[in-house]
Amino acid sequence: MITTTLLGLFWLFLPAGFANMAPVIFKGVDLLNKPIDFGKTFRGKRIFGAHKTFRGFFFGILLAIVILYWQTLLAQKTAWFALLDYSSISVLGVGFLLGFGALGGDALKSFFKRQCNIKPGARFIPFDEIDWVVGTLVCLSFIVSFSWLQIILSLVMFSFLHILTNFVSFTLGLRKTQW
C-alpha cells in the first residue's frame, strides 16, 4: 500500500515538479522576463524579488499542462496507482492548478524570505524544499481529498527529491546555488 501511495503521489505531483523547475529550465528565454511584483515593495522590501517572473509562471504553468496532457494519454496504464481519474479531468484546469500551486508556493516563500531579510538564493530550511509541495497541495485540495498520510509522505518524499534535483542542477551548471 505505501509503495502504491508513493507512486500515486509522485505521478500526481509530476507536472507540479516540472513547473517548479521551469524557471531554471527557461532562464535563458527573454520572453516575459519581468518580475511579478513589478518592483513594488511591502514594508520597504521587495514583495517577491526580481527572480519571480512572469516568464517563470508562464513556462511553469505551460509545462505542467503539457506533462499532465501526456499523463492523460497514459491514463489506462497508470490507473492502478493514480490518485486522479485522468480520463475525466480538464487538462487545462488541473494543469493550471498544478503549475500555479507549485509556483505560487515558491513565490509565497520568497515573500517571507524578503520580509525576513533573507537574500535570494540563500537557504531557508525547510521551506526551500517544501514550498512548491505545499502550494500544490493547497491548489489540488479543490479536487483531491488528501489523507494526513498522503500529505506527510508528499512533504517528505518531495523534500528529498527537491534536494537531489537541486544538487544535480547545480552540478550540471543550471543553478548557481546548490539549494
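For this structure, a couple of remarks:
- Qualifying residue in the range 141-151 (condition: buried (at least 16 other Cβ atoms within 10 Å of the Cβ), at pLDDT 95 or above, out of contact with any Asp or Glu (no Cβ under 8 Å at 6 or more places or on another chain) and under 22 Å from Phe10 (Cβ atoms)): yes
- Residues in the range 23-68 that are in a loop (DSSP other than H, G, I, E, B) and more than 14 Å from the chain's Cα centre (by Cα): 21 in all.
- In the set (1) more than 20 Å from Leu155 (Cβ to Cβ); (2) crowded, with 20+ Cβ neighbours inside 10 Å, the condition left unmet by Ala79 is number (2).
- Filtered residues of the range 30-64 (kept if in contact with a Phe, Trp or Tyr (Cβ under 7 Å, 6 or more places away or on another chain) and of a type in the set (A, V, I, L, M, F, W, C)): Leu32, Ile36, Ile47, Phe48, Phe59, Ile61, Leu63, Ala64
- Boolean, Ile118 is aliphatic (A, V, I, L, M), touching a Phe, Trp or Tyr at 6+ places or on another chain (Cβ under 8 Å) and either assigned to a loop (DSSP other than H, G, I, E, B) or loosely packed, with under 15 Cβ neighbours inside 10 Å (or both): yes
- All positions within the range 10-39 that are touching a residue at least 40 places away in the same chain (Cβ under 8 Å), farther than 16 Å from Arg175 by Cβ and not small (Gly, Ala, Ser): Phe10, Trp11, Leu12, Phe13, Leu14, Pro15, Ile36
- Filter pass, Ala107 being over 20 Å from Met157 (Cα atoms), touching a residue at least 40 places away in the same chain (Cβ under 8 Å) and in contact with a strand residue (DSSP E or B) (Cβ under 6 Å, 6 or more places away or on another chain): no
- Beta carbons closer than 7 Å, at least 6 apart along the sequence or on distinct chains, pair a first residue in the range 112-128 that is more than 21 Å from Arg43 (Cα to Cα) with a second that is of a type outside the set (Gly, Ala, Ser) and surrounded by 14 or more Cβ atoms within 10 Å (Cβ to Cβ) for Arg123/Trp179; Phe127/Lys109; Asp128/Trp179.
- Test: Gln178 is surrounded by 13 or more Cβ atoms within 10 Å (Cβ to Cβ) and either more than 16 Å from Leu12 (Cβ to Cβ) or at pLDDT 95 or above (or both): no
- Candidate set: the range 40-55, residues that are more than 20 Å from Ala122 (Cα to Cα) and free of Cβ contacts under 8 Å to residues at least 60 places away in the same chain; chosen: the one surrounded by the fewest Cβ atoms within 10 Å (Cβ to Cβ): Lys40
The values are calculated or read from the model by the stated rules, or taken from the named source; none is laboratory data. These numbers come from a predicted model, not from an experiment. Positions of Cβ are backbone-derived with ideal geometry, glycine not excepted, and every protein chain shown enters the neighbour counts.
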